[in-house]
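Novice: Have a look at this one before I ask anything.
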Amino acid sequence: MLLLVLTGLAWMVQIMSMMKFLLNYGIQLTNFLGLTMLMVPFIISIIVPFVTFIAIIFVYNKMISDNEITVMAASTLSPRQIARPALILATLLTVMHFILNLWIVPASQGTFYDTQWNLRYGLAHMKLQESAFTEMSNGLVVYVDKVSGHDLSQVMLSDTRDTENQITIFAEKGKLISTMRGLSIVMTNGSLMSSGGATTVGTFESFDMDLNVADKGMSGTFRVRRVPTSQLIKTLFDAPSAKQHKAVLSELCSRIYGPIMNLVLAALCTLILLRSSLLRRRASFAPAIAVASMAVVMAAFMSASNMVSSVTQFALLGVAIFTVLGGIVFALYRK
């Protein structure tokens, strides 16, 4: 329930942050909601360790308040036995987290960025109105007499984005097509006037113009979040720059070591709560200590993940995480 509530809240925040995108590009509401839904797996992958910790601390602190832990301990149950349900839950969530990080999140993020690009710059959002001027970008205006799908009749295009080479085109017919760079318009049987250093006028039978309304460099941006895990590992040894190499290592830390933090936080929480509850004077500040410990551990993990810059450091971080986990489990299991 906690996972559903927090995911829903984060999804609503995502919707609000992308509302400007909805208004600016005039896409349909269903397409917009579908786009934001593609962020849900990534949101879940971020909040799962925190949800695990909160659920465990809530249940076990309630049991401590009701003296149920004391009764269990008096019935010869050890902290290891009492903590077993929490560790089983954390193990199941760790497996789910691995599946999310290694396969589902990269696939959904790839679809998210592709869909976002198509909605912004592809044919999906382009709805030219008949007998009306449409400003496709700042300085680029298109007038169409008739529209039939992506086929246009009586086209007038004015491109003043380059002040040194302003272009005006008239054509009998045109057709919108989508390319890797964005929208292009293919016009037939028309005339062109270019007013730069000198005015040039000419006619053409066919003219293909890249409207160039996409953000510069957007299609070539390397986004590690959308890269499949197998390809990301290959990129690790063939990164074109040190910056990209570090970004790949940081992403691999999140994908591979992130799920282990479910076990670390679960074991840490149960250790602090159970050991303090069995003291003669119960530590009333145990939940606060557990929360502070969780914050320190997660802050250290995220900082270390962002600072990793070599394969050796990546391996050392893994050793450190498993060492911490082993130490916590050992302290929990000892009598």
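Novice: Eight or more residues apart or on different chains, and alpha-carbon atoms under 17 Å: count the Lys pairs in the chain matching that. Before the final figure, lay out each step's value.
Specialist: On the way: LYS127/LYS146; LYS127/LYS173; LYS127/LYS175; LYS146/LYS173; LYS146/LYS175; LYS234/LYS243; LYS234/LYS246.
So the count of such lysine pairs works out to 7.
Novice: Any chance you could run the full-extension gain for ALA107 through ALA132? It's 0.36 nm times the residue separation minus the Cα-Cα distance, nm to one decimal.
Specialist: Values: separation 25, 0.36 × 25 = 9.00 nm, distance 3.98 nm.
Residue separation times 0.36 nm, minus the Cα-Cα distance, leaves 5.0 nm.
Novice: Something else: Membrane-span-like helices in the chain: DSSP H runs reaching 20 Å or more (Cα, own axis), mean Kyte hydropathy at least -0.5? Could the numbers behind the result be given before it?
Specialist: Numbers: long enough: 2-17 (23 Å, 1.95); 40-65 (35 Å, 2.06); 79-99 (30 Å, 1.08); 105-121 (24 Å, -0.80); 260-277 (26 Å, 1.87); 286-307 (31 Å, 1.56); 311-333 (33 Å, 2.06).
Taking the DSSP H segments of the chain (at least 20 Å long, mean hydropathy at least -0.5), we get 2-17, 40-65, 79-99, 260-277, 286-307, 311-333.
Novice: From Cα pairs below 8 angstrom and at least 6 apart in sequence, can you work out the relative contact order of segment 1-140, rounded to a whole percent? Provide the component values of the computation, followed by the final result.
Specialist: Working: 65 pairs, mean separation 47.2, N = 140.
That works out to 34 percent.
Novice: May I pose another question? With a cut-off of at most 15 other beta carbons within 10 Å, and DSSP calling the residue loop, which trypsin sites (Lys or Arg not before Pro) in segment 130-201 qualify? Please list them. Don't jump to the answer; show the numbers that get you there.
Specialist: Working: sites: LYS146, ARG161, LYS173, LYS175, ARG181; in loops: ARG161, ARG181.
Filter output for segment 130-201: ARG161, ARG181.
Novice: What percent do you get for the relative contact order of the chain when only Cα pairs under 8 Å and 6+ apart count?
Specialist: Reported relative contact order: 17 percent.
Novice: Continuing with this model, one more query. Just the projected area, averaged over all directions, of the convex hull on the alpha carbon atoms of the chain: how many nm²?
Specialist: On the way: hull surface 88.5 nm².
Seen from a random direction, the Cα hull of the chain projects 22.1 nm² on average.
Novice: With just the Cα atoms of segment 23-124, tell me how far they stretch along each of the three principal axes, in Å, largest first.
Specialist: 70, 27, 14
Novice: With a cap of 15 neighbouring Cβ atoms within 10 Å, and only residues DSSP puts in a loop, list the GluC sites (Glu not before Pro) found in segment 135-196. Present the calculation step by step, with values, prior to reporting the outcome.
Specialist: Values: sites: GLU135, GLU164, GLU172; in loops: GLU164.
Sparse-neighbourhood loop GluC sites (Glu not before Pro): GLU164.
Novice: Thinking of segment 132-210 as a set of Cα atoms, what percent of all their pairs are more than 19 Å apart? Show your work: numbers first, answer last.
Specialist: Values: 1047 of 3081 pairs.
Roughly 34 percent, once rounded to a whole number.
Quick note: the coordinates plus some simple rules give every number you see, no bench work behind them. Owing to the predicted nature of the structure, the values given are computational and were not obtained by experimental measurement. Neighbour counts run over all protein chains shown; Cβ positions are idealised from the backbone, glycine included.
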